[in-house]
Amino acid sequence: MDLFGPPEIWLPLAFATLMGVSILVYVCLDGYDLGVGALFPFAEDDEKDRMIASIGPFWDANETWLVLAIGILLVAFPTAHGMILTALYLPVAIMLVGLILRGVAFDFRAKAQAKYKPFWNRAFCAGSLMASLSQGFMLGLYIMGLKVTAFTLGFAALTAVALTVAYSFIGATWLIFKTDGALQAKAIAQARRGLWGVVLGLGAVSVASPLVSPRILEKWISVPEVFLLAPLPLLSGALILTLWLLLRRMPLEKDGLSWLPFALTVTLFTLGYLGMAYSFYPYVVPDQLTIYDAASAPESLLIILVGTVFVLPMIAGYTVLSYVIFRGKATELRYD
């Protein structure tokens, strides 16, 4: 247990890192298929089948990362799990209903009679919006320290819309990567519009976090941290500018660089997430409970870590394998 230093220090940090990575992977992967669902109202019937085909092999496995993150929170930081889930009970319930609804709709739209297919298309879109809006609402309340006031609820509502726009943007970049023709052209146009929503959302979170917490403000403006952290906003600005220039020129000849907007968006999400992680460390409940105070006993964490060493590579392995097997453009969706 003392291999990497005091176990009461490195074990909570290790599990906080695993939980953070799981959340980031979930936001990037399930974010794009939630975004595809949010774009359903702007698609024709045949385009909806193609959009479903682009996420079909991946969407269910993408949600595994959310289960992993919540599982780590429960077993490694049980006190924080109780505080967070108690404060966010309603949006968590709405998110779960949304995820169940879109899962049911995903299967039923393929098996129902043709006259019922529009209903299940709307259900799939509704489930996607419920999940993304509730996740954004939870993010906003978390940034505000889980405090419930008129101001924090208003900010959480704004964050809910911002995250949904961000999901729809990464969903559009996924469609650019996985489709071609008229649907790809429509996705490019949607990504151009959605980029500005992403900029506003990132800006709101970046400004609000230091304002709501003097501790976070001090972490960002103190010396030498301010110089060491400068690359984060500079790189984010460069990525946004690159995306804007790239989307203006797309589609390129022979579908060149169709993967790049999605890759740049994942990188942008990662930079934003790293900034948030730095802002809130070492707290798992902002300004209330640190990862060290909330952690289970080191002996328990060590046993859990042994299991994680086996489970995590399996999850990562089948995730990578699915993307390798189903690489390339999404083809026509057929159920016969």
- [ ] Hey, could you grab the Kirkwood Rh for the range 102-172? Inverse mean 1/r over distinct alpha carbon pairs, Å, one decimal.
- [x] 13.4
- [ ] State in Å² the accessible area per residue of the chain; use a 1.4 Å probe, count heavy atoms of protein chains only, and round to the nearest integer.
- [x] 49
- [ ] Taking the Cα centre of the range 185-336 as origin, sum charge times position over the Cβ atoms of Lys and Arg (+1) and Asp and Glu (-1), and report the length of that vector in debye to the nearest 20.
- [x] 780
- [ ] With +1 on each Lys and Arg Cβ and -1 on each Asp and Glu Cβ, and nothing else charged, work out how big the dipole of the chain is about its Cα centre, in Debye to the nearest 20.
- [x] 980
Task: Computed Kirkwood radius, in angstrom, where 1/r is averaged over Cα pairs of the range 169-326 - done: 18.7
TODO: With 30 Å as the limit, write out which pairs from LYS147/LYS186; LYS117/LYS186; LYS111/LYS178; LYS115/LYS254; LYS117/LYS178 have Cα-Cα distances beyond it, or answer none.
DONE: LYS147/LYS186; LYS115/LYS254
TODO: For the range 90-161, calculate the relative contact order in percent as a whole number, restricting contacts to Cα pairs under 8 Å that are 6 or more residues apart.
DONE: 34
TODO: Could you give me the percent of Cα pairs per 20 Å distance bin for the chain, shortest bin first, beginning at zero and ending with the bin that holds the maximum distance?
DONE: 29, 58, 13, 0
TODO: Principal axes first, then extents: for the Cα atoms of the range 1-110, list largest minus smallest coordinate on each axis, whole Å, largest first.
DONE: 59, 30, 20
Task: Potential extension, PHE326-ASP107 segment - 0.36 nm per residue separation minus Cα distance - done: 76.9 nm
TODO: Identify the residues of the range 68-84 with backbone N under 13 Å of a label point that sits 7 angstrom from the Cα of TYR273 along the Cα-to-Cβ direction, or state none.
DONE: 68-70
- [ ] Run the accessible area of the chain with a 1.4 Å probe and give the carbon-and-sulfur part as a rounded percent.
- [x] 73
Task: Relative contact order computed over the chain (Cα-Cα under 8 Å; 6+ residues apart), in percent - done: 26
Task: Dipole magnitude (debye, nearest 20) for the range 1-117, charges at Cβ of Lys, Arg, Asp, Glu - done: 360
TODO: With unit charges on the beta carbon (Lys/Arg positive, Asp/Glu negative), name the residue among VAL324, GLN288, ILE304 whose Cα is farthest towards the positive pole of the charge dipole of the chain.
DONE: VAL324
Open item on the list: If you average the alpha carbon positions of the range 232-300 and of the range 64-90, how far apart do those two centres end up, in angstrom?
Closed with: 21
Open item on the list: I'd like to know how the range 233-336 sits against the 2.2 N^0.38 Å rule of thumb: what's its Cα Rg over that expected value?
Closed with: 1.60
- [ ] Report relative contact order for the range 152-207 in percent, whole number only (criteria: Cα-Cα under 8 Å, sequence separation at least 6).
- [x] 44
Open item on the list: How far apart, in nanometres, would the label points at ASP46 and ILE221 be if each is projected 7 angstrom from Cα along the Cα-to-Cβ direction?
Closed with: 5.8
Task: Computed log₁₀ I(q)/I(0) - Debye formula, equal Cα scatterers, no solvent, the range 17-59, q 0.26 Å⁻¹ - done: -0.85
- [ ] Report, in whole Å, the centroid distance computed from the Cα atoms of the range 195-224 and the range 129-168.
- [x] 15
TODO: Enumerate the calculated ³J(HN,Hα) couplings along the range 30-35 in order (Karplus 6.51 cos²θ - 1.76 cosθ + 1.60, θ = phi - 60°), each rounded to whole Hz, writing x wherever the residue is Gly or Pro.
DONE: 6, x, 6, 7, 5, x
Task: Solvent-free Debye scattering, log10 I(q)/I(0), computed from the Cα coordinates of the range 277-320 at q = 0.17, 0.22, 0.34 Å⁻¹ - done: -0.69, -0.81, -1.01
- [ ] Working with all protein chains in place, sort TRP244, TRP65, TRP220 by solvent-accessible area computed with a 1.4 Å probe, largest first.
- [x] TRP244, TRP220, TRP65
Open item on the list: Based only on Cα atoms, what mean projected area does the convex hull of the range 36-168 have, in nm²?
Closed with: 8.6
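The values are calculated or read from the model by the stated rules, or taken from the named source; none is laboratory data. Bear in mind the structure is a predicted one, so any value in this text is a computation, not a measurement. All Cβ positions, glycine included, derive from the backbone under ideal geometry; neighbour counts span all protein chains shown. All accessible areas refer to the heavy atoms of the entire protein, side chains included, with ligands and DNA or RNA removed. Shrake-Rupley method; radii C 1.70, N 1.55, O 1.52, S 1.80 Å.
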